[in-house]
Amino acid sequence: MIYLFLANGFEEIEALCPLDLLRRAGLEVTTVGIGGDLIKGSHGIAVQADIPDTMYRDSKPEMIILPGGMPGAKNLDESRIVDSALGAAASSGGYLAAICAAPMVLGKRGYLEGKNATCFPGFEEFLTGATVAPSHTRVVTDGKVITAAGMGVALEFGLALVRVLKGNDAAEELRRAVLAD
C-alpha cells in the first residue's frame, strides 16, 4: 500500500497533485492525517484524510510520501507514526518520497545517506549524508528515494512516483493524458 501523510500546515498542491496522479494511474493510495482525519493545509484548505494516524498499521508499505509546507513538514518530523512508517518502508524495501521542506524528515533520520537529493532552498542543511543536487534540479530519484524541490514541481514529482511504481511507459502515458507535455 502507498501512504501519503498529511499534517496541519502541509502544502496542498504538493500533496494533492501527486495523489491525483497516482490514483489516475490506478494505484491505491491512502491518505493519513496526523492528529486526526481533518487536516488543514498551509493555505487554509481543509482535507479529509482517509484515516487518522492512529489507524496506520502497515509493516511493509510500498511507499511513504511526505508533502512539504510549513509547519506541515515540521509536524511530520515530530510524528512518531511517520517515523515508524518510514522505518517500516525502508526496512521492507519500500520507497520514501518527499517534496519541498519534507526531505529534511528523511535527512534527519539518515535515509539520505549516500543518496542524491533535492529540497526547497534553505533546507539543504537537513539533508544529512546526501549529495545535494544543484539548486535548479527539480526532482531526484536515487534508488528507493525520490525528492523534489517544491510546489512548482508537484506534477513532475507525482509523475516520478508513478514512474518508479508502474514504469516509464505508464508515466509518459499519464503525462500526455493530463496535457503535461
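The values are calculated or read from the model by the stated rules, or taken from the named source; none is laboratory data. Fair warning: this is a prediction, and the values are worked out from it, not measured in the lab. Virtual Cβ from ideal backbone geometry, glycine too; neighbours counted across all protein chains shown. With ligands, DNA and RNA removed, areas are computed over all heavy atoms of the protein, side chains included. Shrake-Rupley method; radii C 1.70, N 1.55, O 1.52, S 1.80 Å.
Listed here are the residues, each with its yes/no results for (1) buried (at least 18 other Cβ atoms within 10 Å of the Cβ); (2) in contact (Cβ under 8 Å) with a residue 24 or more places away in the chain; (3) in contact with a Phe, Trp or Tyr (Cβ under 6 Å, 6 or more places away or on another chain).
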residue: 104; (1), (2), (3): yes, yes, yes
residue: 125; (1), (2), (3): no, no, no
residue: 134; (1), (2), (3): no, no, no
residue: 166; (1), (2), (3): no, yes, no
residue: 172; (1), (2), (3): no, no, no
residue: 177; (1), (2), (3): no, yes, no
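Set side by side, the residues 69, 87 differ, and just one is at positive phi and either at pLDDT below 95 or within 16 Å of the chain's Cα centre (by Cα) (or both), which is 69. Does the range 39-57 contain any residue that is in contact with a Pro (Cβ under 9 Å, 6 or more places away or on another chain) and at pLDDT below 95? Looking through the range 39-57, none of the residues is in contact with a Pro (Cβ under 9 Å, 6 or more places away or on another chain) and at pLDDT below 95. Based on what the data block shows, is residue 20 assigned to a helix (DSSP H, G or I), open to solvent by 30 Å² or more (accessible area, probe 1.4 Å) and either of a type in the set (Ser, Thr, Tyr) or within 21 Å of residue 149 (Cα to Cα) (or both)? Criteria met by residue 20.
For the range 62-77, state whether one or more residues are open to solvent by 10 Å² or more (accessible area, probe 1.4 Å), farther than 14 Å from residue 10 by Cβ and not in a loop (DSSP other than H, G, I, E, B). No, the range 62-77 has no match at all.
Return the total of residues in the range 36-55 being within 29 Å of residue 93 (Cβ to Cβ), in contact (Cβ under 8 Å) with a residue 24 or more places away in the chain and assigned to a loop (DSSP other than H, G, I, E, B). Total satisfying the criteria: 1. Checked across the range 90-97, the condition of being touching a residue at least 40 places away in the same chain (Cβ under 8 Å), touching a Gly at 6+ places or on another chain (Cβ under 9 Å), among the hydrophobic types (A, V, I, L, M, F, W, C) and surrounded by 21 or more Cβ atoms within 10 Å (Cβ to Cβ) holds for no residue. Sort out which residues of the range 26-46 are open to solvent by less than 20 Å² (accessible area, probe 1.4 Å) and in contact with a Lys or Arg (Cβ under 8 Å, 6 or more places away or on another chain), and write them in order of number. 29, the sole residue that qualifies. When the range 136-162 is filtered for residues that are surrounded by 21 or more Cβ atoms within 10 Å (Cβ to Cβ), of a type outside the set (A, V, I, L, M, F, W, C) and either without any contact (Cβ under 8 Å) to a residue 40 or more places away in the chain or under 13 Å from residue 103 (Cα atoms) (or both), the ones remaining, listed by number, are 147, 150.
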